[in-house]
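Heads up: the structure comes next, in structure tokens.
Computed from the coordinates by the stated procedures, all read-outs in this text should not be read as laboratory data. Here the structure is a predicted model, which means the values were calculated and not measured. Cβ sites come from the backbone with ideal geometry, for glycine too, and all protein chains shown count toward neighbours.
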Amino acid sequence: MHDAAPILDVAGISKRFGGLQASNNITMQVPAGKITSLIGPNGAGKTTLFALITGFHTPDAGEVRFKGEVITGLAPQEIAERGMIRTFQIVQPFAGQSVRENIAVGAHLKIRSRAAALEKAEDVARKVGLGDRLDMDAAALTVAGRKRLEVARALATDPDLILFDEVLAGLNPSEIRDVIPVIRAIRDQGVTILLIEHVMQAVMSLSEHTWVLNQGELIAEGSPEEVTRDPHVIEAYLGKGMAERMAKQAAATAGGAHE
Amino acid sequence: MRQLALLGLVFAALFTVPFVVESESWRTTLIMTLYAALLGQAWNILGGYGGQFSFGHAAFFGTGAYTVAVLQVQFGINPWLGLVAGGALAVGVAAFIGFTTFRYGLRGSYFALVTLAFAEVLRILSNTVPFTGAGVGILIPLDPGAASLQFTSKAGFYWLLWAITLAAFLTAWWIGHSRFGARLMAVRDNEDAARALGVDPFRVKMRAIMLSGLFSGLAGVFYAQFFLYLDPGIAYGPAVSVESLLVPIVGGMGTLFGPLLGAVALHAVSEVTREVIGDLPGISLVIYGTILVIMVLFAPRGLSGLVSRLTARMRRTAEGDRHA
């Protein structure tokens with residue numbers, strides 16, 4: 001996993017909010033050109049980690065390198081300009097503006113001309129399946145539509161790395177099935193993707209590598225199959241002693257099969 | 001492009017008005033309406049497109065007005081130069097207020113209060129320092145002629161105002177059709193989302209307040225030359241600030257034609273009330289306040305919002321008739 005130079009290199013990031021250690025000495029290397037993911041129970045500090053990486057919070061300690069350059073302490077907009085874009089778990093459309101105008105704001109990061117940015121917005125909208133809703137008010141979109149809009153705005157900036165914060169949350173299974181190929185297609189264009197995701201179906205089918213966060217600390221990493229078997233991970237999600245019981249159960253059924 | 005064509009058409013029509021209207025009192029009414037549209041558009045650039053509700057646009061207006069007056073009276077500098085200096089100084093005041101407020105991320109009512117405080121500070125200052133004439137005010141000597149920016153006919157003033165207003169409206173059009181404008185509106189609608197997409201809210205707001213201050217300052221220069229008298233209450237008092245924000249709120253914030261519609265509507269109303277009630281002191285503020293409440297309650301998107309809603313409904317009924 002750590003062969004090629006990572007596009008994002010997080011080294012010993014920590015952040016404390018009052019009495020809460022939201023991130024504790026987190027180190028991870030995100031490989032370029034792949035889809036990787038970050039999972040963990042509610043309140044594990046996943047979104048905080050995204051905010052620390054993208055400049056919305058300043059870490060108390062540690063360093064973030066993006067494409068080899070130290071970006072710790074830079075403002076979100078400066079990090080976005082360097083090619084790393086995040087989306088929001090709670091979708092943040094520019095309400096009152098059309099879908100086309102919303103996406104164009106992203107396109108303007110690299111395109112000065114208004115006409116060219118609007119054209120690019122249409123292009124991107126079609127890619128994510130919003131082509132038929134270009135003139136709709138963004139506030140009138142369904143939840144699934146808004147998630148697509150978050151994806152589209154990020155994509156329109158022509159980023160090198162996108163951090164998706166639960167783009168699949170709140171979608172029904174058929175909508176999830178529709179969005180998964182969209183995310184894959186983004187990766188196939190050469191954009192690196194880091195997902196925060198609760199939908200395990202998506203984590204398993206999309207990502208090649210997963211980090212597991214619990215109470216602000218990384219407790220496991222590896223392929224999704226590996227980490228879901230990891231006893232620490234099972235305990236983090238299901239409670240103490242659960243891994244042991246599951247192992248016993250598995251042994252019992254295996255023993256029964258022998259007889 | 002259709003919007004730009006319409007804008008051209010409207011301003012071409014406005015240009016010809018002095019040829020048609022000969023009565024000086026009617027010309028004054030038209031001047032005051034256009035002047036309200038200018039004040040409103042200046043506010044609209046920051047408040048409507050940028051969502052930063054200033055309650056102290058008098059700070060820019062008064063600076064423009066006092067600059068041209070003081071330069072003439074105290075230093076004998078030609079008011080055409082004063083026009084440039086007034087605009088520039090208003091931009092400077094805007095940059096200072098913008099820097100001190102946006103730097104610390106003041107938004108909403110906090111921003112409104114701080115802008116109001118700045119205007120009040122300037123009002124008190126101009127009331128005490130001697131070179132503004134302090135509380136007595138400052139009188140620009142009558143010197144009719146285009147060279148001294150005082151015209152013998154109201155038509156001359158009208159065309160000067162027309163040119164400044166056209167520039168303000170063209171700026172507003174540009175905001176609606178440029179990267180800067182897209183970023184400004186993005187910051188207005190969701191600052192965090194804008195930042196995540198690479199927009200620097202501070203820079204965007206600074207540009208907006210400086211443009212807004214420029215046109216408010218030029219309106220002040222025009223006012224000083226037109227009435228030839230200023231005192232602290234006129235220049236920096238809350239009346240200008242209120243008119244600046246009332247016009248676009250009534251007409252439609254963040255729209256190109258909103259300030260024009262608002263100015264026409266407000267002046268029509270105040271003319272009518274003057275006919276009916278007479279010159280009761282303070283009555284116009286009562287009327288304005290009532291209008292503001294009604295607009296905010298029933299037409300939060302202003303007259304232009306009302307117009308687009310009506311046209312949409314008419315289109316729907318027309319289609320319904322066709323289907324029936």
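Values computed for the structure shown
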{"quantity": "Count of Lys pairs (Cα-Cα under 22 Å; at least 8 positions apart or interchain) in the stretch A:1-112", "calculated": "5"}
{"quantity": "Cβ-placed point charges (K, R +1; D, E -1), dipole of the stretch B:24-236 about Cα centre in debye, nearest 20", "calculated": "480 debye"}
{"quantity": "Order of B:Met1, B:Met206, A:Met246 - criterion: other Cβ atoms within 10 Å of each residue's Cβ, fewest first", "calculated": "B:Met1, A:Met246, B:Met206"}
{"quantity": "Long-range amide H partners of B:Tyr229 with built H, under 5 Å", "calculated": "B:Ile140"}
{"quantity": "Set of aspartates and glutamates near B:Lys205 by C-alpha distance (under 18 Å), chain-local residues within fewer than 8 positions excluded", "calculated": "A:Glu78, B:Asp189, B:Glu191, B:Asp192"}
{"quantity": "Antiparallel bridges, percent of DSSP beta bridges restricted to the protein assembly as shown (to nearest 5)", "calculated": "60 percent"}
{"quantity": "Per-residue [θ]222 nm for chain B (sum of -39500 (n - 2.57) over DSSP H runs n ≥ 4, rounded to 500)", "calculated": "-26000 deg cm²/dmol"}
{"quantity": "Signed unit charges on C-beta, dipole axis of the protein assembly as shown, positive-most listed residue A:Val233, B:Gly50, B:Val10", "calculated": "B:Val10"}
{"quantity": "Integer Hz, Karplus 6.51/-1.76/1.60 couplings in order for the stretch A:206-213, x for Gly and Pro", "calculated": "9, 9, 8, 8, 9, 10, 10, 10"}
{"quantity": "Placed amide H near A:Ala61: partners under 5 Å, 5+ positions off or other chain", "calculated": "A:Ser14"}
{"quantity": "Ranked B:Arg195, B:Arg309, A:Arg153, criterion: other C-beta atoms within 10 Å, fewest first", "calculated": "B:Arg309, B:Arg195, A:Arg153"}
{"quantity": "Size of charge dipole - the protein assembly as shown - debye, nearest 20, with Cβ of Lys, Arg +1 and Asp, Glu -1, no other charges", "calculated": "640 debye"}
{"quantity": "HN-Hα J in Hz across the stretch A:146-160 - Karplus 6.51, -1.76, 1.60, θ = phi - 60°, x for Gly and Pro", "calculated": "5, 5, 4, 5, 4, 4, 5, 4, 5, 5, 5, 7, 6, x, 8"}
{"quantity": "Binned Cα-Cα distance frequencies in the protein assembly as shown - 20 Å width, integer %", "calculated": "18, 41, 27, 12, 2, 0"}
{"quantity": "Amide hydrogen neighbours beyond the local backbone of A:Ala220, cut-off 5 Å, H modeled", "calculated": "A:Val212"}
